[in-house]
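Heads up: the structure comes next, in C-alpha cells.
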Amino acid sequence: MTTELQNTVALITGASSGIGEATALALAQRGAAVALAARRKDRLEDLAARIRSAGGRALVLEADVTDERQARASVERTVAEFGRLDTLVNNAGLMLLGPIPGADLDEWRRMLDINVNGVLYCAHAALPHLVRAAQDGPRHVADMVNVSSVAGRNARANAGVYNATKFAVGAFSEALRQEVTRKYVRVALVEPGAVETELRSHNRPEVQEQLARANPVDDPLQAADIADAIAYVVTRPCHVAINEVLIRPTQQER
C-alpha cells in the first residue's frame with residue numbers, strides 16, 4: 001500500500017464489479033478510505049472485506065443511483081462515516097445496444113437513468129463536499145472522475161441512444177470543469193474502449209452474438225487497466241489536471 005491518497009475519501013459508484021471494483025481496490029491501495037456504492041450488497045461486502053483485510057477502510061452503500069434520494073444519501077453517508085469526500089468516481093453504467101427503429105423504449109429509459117441521471121444526481125450531491133475538501137484537504141485538490149466510453153466520441157449504428165448518453169456525460173463534464181476548476185476541483189472524463197467486463201452481458205442474446213462477430217479484439221482491456229488510469233488522474237499534484245483520458249486496447253481501430 002502506498003500513501004499517495006492517505007487521509008482522503010473516495011466514493012465509487014457501480015463498485016460491485018468490473019471497473020468500479022478495480023478502481024476501489026486501486027484507490028484503497030493508495031491509502032484512500034473508499035465508499036462502495038452499488039445495488040448488489042453481497043458483492044460489495046466481499047469487496048469491503050478484501051480491502052479491510054489489506055489494512056484499508058471501506059464503507060458499503062447499497063444504493064441505486066438512478067434514485068435521486070439514494071444517490072444523495074450515498075454521498076451524505078460517506079461524509080458522515082469518513083468526515084469528508086475528496087474523490088467521486090461516477091462509474092455506474094449500462095450499455096444496451098440495438099437499432100433505433102422498433103427499439104424497446106424501456107431500454108432507452110434505463111440507460112438514460114443510470115448513464116446520465118445517475119451521474120447528475122451524484123455530482124450535484126457531491127460538489128459542495130468536493131469544494132470543501134479542496135479548500136481544507138491534505139492535497140489542496142479534489143476530483144470527480146466520470147467514466148464514459150469511446151461511444152461518447154464516435155456515434156455508430158445500433159448504439160444511438162448509448163452514444164447519446166455518453167456524449168451527454170462528456171458535455172456535462174466539460175461544462176462543469178469550466179465552472180469549478182478555479183476552486184481546485186478537477187473534473188476528468190475517462191473513455192474506455194473494449195474492456196472485459198459484464199457490460200456486454202446485459203444485452204439480449206442476439207445483440208451479444210453481433211458484438212462477438214463485429215471487429216473482435218483478441219486482447220481487450222481489463223478493468224484494472226482503467227482503474228490504473230483513474231488512479232493516475234487523481235494522484236497528480238494539485239496544479240496538474242488530467243481532463244480527458246481516451247484508452248483503447250492496442251488492436252481496437254475505432
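Readers should treat all values here as calculations from the given coordinates under stated rules, not as data from a laboratory. Everything numeric here is computed off the predicted structure, so don't read it as measured data. Don't worry about glycine lacking a Cβ; one is built from the backbone with ideal geometry, like all the others, and counts go over all protein chains shown.
Compare the Cα positions of Val169, Leu221, His124 along the charge dipole of the chain (+1 at Cβ of Lys, Arg; -1 at Cβ of Asp, Glu; about the Cα centre) and return the one farthest towards the positive end.
Checking the options against the dipole of the chain, the answer is His124.
Could you list Leu59, Leu44 in order of exposure, starting from the residue whose Cβ has the fewest other Cβ atoms within 10 Å?
Leu59, Leu44
Semi-axes of the equivalent ellipsoid of the stretch 1-145: what are they in whole Å, largest first, if each equals the square root of 5 times a C-alpha gyration tensor eigenvalue?
28, 17, 12
By count of other Cβ within 10 Å, fewest leading, how are Asp136, Asp67 ordered?
Asp136, Asp67
Where does each of Thr23, Thr165, Thr13, Thr3 land when they are ranked from fewest to most other beta-carbon atoms within 10 angstrom?
Placing the least packed residue first, the sequence is Thr3, Thr165, Thr13, Thr23.
Mind checking the full-extension length gain between Thr3 and Arg40? Use 0.36 nm per residue of separation minus the Cα-Cα distance, one decimal, nm.
10.4 nm is the gain from fully extending Thr3 to Arg40.
Which far-off residues, 5 or more places away or on another chain, put their amide H under 5 Å from the one on Ala58, with H placed in the peptide plane?
Val34
Across bins of 10 angstrom width beginning at 0, how are the C-alpha pair distances of the stretch 1-43 distributed, in whole percent?
In order of increasing distance, the bins hold 34, 50, 16 percent.
List the DSSP H helices in the chain whose Cα atoms stretch 24 Å or more along the helix axis and whose mean Kyte-Doolittle hydropathy is at least -0.5.
118-136, 160-180
Find the all-direction average of the projected area of the Cα convex hull for the chain, expressing the result in square nanometres with one decimal place.
Its Cα hull, projected and averaged over all orientations, spans 12.8 nm².
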